[in-house]
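Let me begin by presenting the structure, written as structure tokens, before commenting on it.
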2 protein chains.
Amino acid sequence: MKDKSDATCEKVHFAIQDTLYVVNGKWKLLILSILVNNGMKRFGELSRESGISPRILSKELHELELNKLITRTVCNTKPVTVEYSSTAYAETLKEVIDAMIRWGQNHRKKIIEQ
Amino acid sequence: MKDKSDATCEKVHFAIQDTLYVVNGKWKLLILSILVNNGMKRFGELSRESGISPRILSKELHELELNKLITRTVCNTKPVTVEYSSTAYAETLKEVIDAMIRWGQNHRKKIIEQ
DNA sequence: GTAACCAGTTACCGAAATGTAAGTAGTTAC
DNA sequence: GTAACTACTTACATTTCGGTAACTGGTTAC
């Protein structure tokens, strides 16, 4: 260790693992970025716009809801529609999402330049 | 879409997926955070401090090296030791790493409070 | 009554990620 | 020569992830 105590290192270790545990996989951060940046979406819209199949999307939305990152609202339309929105808590992930978007855009540039 | 064109949404989509592709899995961001925040580490140190088994650590380090995020230096010690360091390019990921550390620490607090 | 739309769910499958345990290879100390 | 240290690699098993296809259930329009 150069400049941090063992305990601090351990905290950092846990912190990263905790975050990864909540937003793991290929899709959760993408779904959140769509909802956080564009507001409410219906199930079908999310599926089409993200390219996620219904089975996976359904599972991911359940998990995000369990972690209080999105809300699910059933609307009294005919046929029924369901609206998914990001919660205020999900806004706290915006920092992570935006950092990843910026890095990905920059990385793509770097790769193309070569 | 509320405030963004389809093309912009698509770019955001790609950007997130690109980032996830480079730092996928349970371990890469943890390894990078250790190297970025604490400087050079040897193979054994990394394995012990992160709790990653040699097999996985070796694979992850190879992939990080391929993406120019770390460098591998063999030292003329007896027995030979190998030093891993983060590159300048890895520093550009610090924004993502630090955002994840902050979010994870805050999230853990939230969970414990309940 | 049959086709269509919405929001899923179920069954099944293959690939990828991760883990454990043991082994390799070079060097040093006793 | 045997044990111990370094840095891995190999073989194997298991778990998790993600994908396709088909199906359910409720409603509406024709």
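Tabulated data for the structure shown
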{"read-out": "Long-range HN-HN contacts of B:I70 with modeled amide H, under 5 Å", "value": "B:E65, B:T87"}
{"read-out": "Anisotropy class of the range B:6-113 from Cα gyration tensor, a/c 1.5 cut", "value": "oblate"}
{"read-out": "Whole-Hz ³J(HN,Hα) from phi, Karplus 6.51 cos²θ - 1.76 cosθ + 1.60, for the range B:83-90, glycine and proline x", "value": "9, 10, 10, 7, 8, 4, 5, 5"}
{"read-out": "Charged-residue dipole, Cβ positions (Lys, Arg, Asp, Glu), chain B about Cα centre, Debye nearest 20", "value": "380 debye"}
{"read-out": "Per-copy distances of the A:M40 label point, shortest first, in nm (7 angstrom along Cα→Cβ)", "value": "5.7"}
{"read-out": "Label distances, nm, A:A88 versus same residue in remaining copies, Cβ-directed 7 Å point", "value": "4.4"}
{"read-out": "Given A:K11/B:K11; B:K28/B:K78; A:K94/B:K26, the pairs whose alpha carbons are separated by over 26 Å", "value": "A:K11/B:K11; B:K28/B:K78"}
{"read-out": "Amide H contacts of A:T81 (H built 1.01 Å from N, under 5 Å, at least 5 apart or other chain)", "value": "A:C75"}
{"read-out": "Helix B:94-113 axis, angle to chain B major axis (alpha carbon atoms, nearest 10°)", "value": "80 degrees"}
{"read-out": "DSSP-assigned coil residues among trypsin sites (Lys or Arg not before Pro) in the range A:1-105, each with at most 10 further Cβ atoms within 10 Å", "value": "A:K2"}
{"read-out": "For B:R108, net neighbour charge (Lys/Arg +1, Asp/Glu -1) across residues whose Cβ lies under 10 Å away", "value": "+1"}
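A short reminder: the numbers here are calculations on the coordinates, not readings from a lab. Because the structure is a prediction, the values reported are computed rather than measured. Using ideal geometry, Cβ is built from the backbone for each residue, glycine included, and neighbour counts are taken over all protein chains shown.
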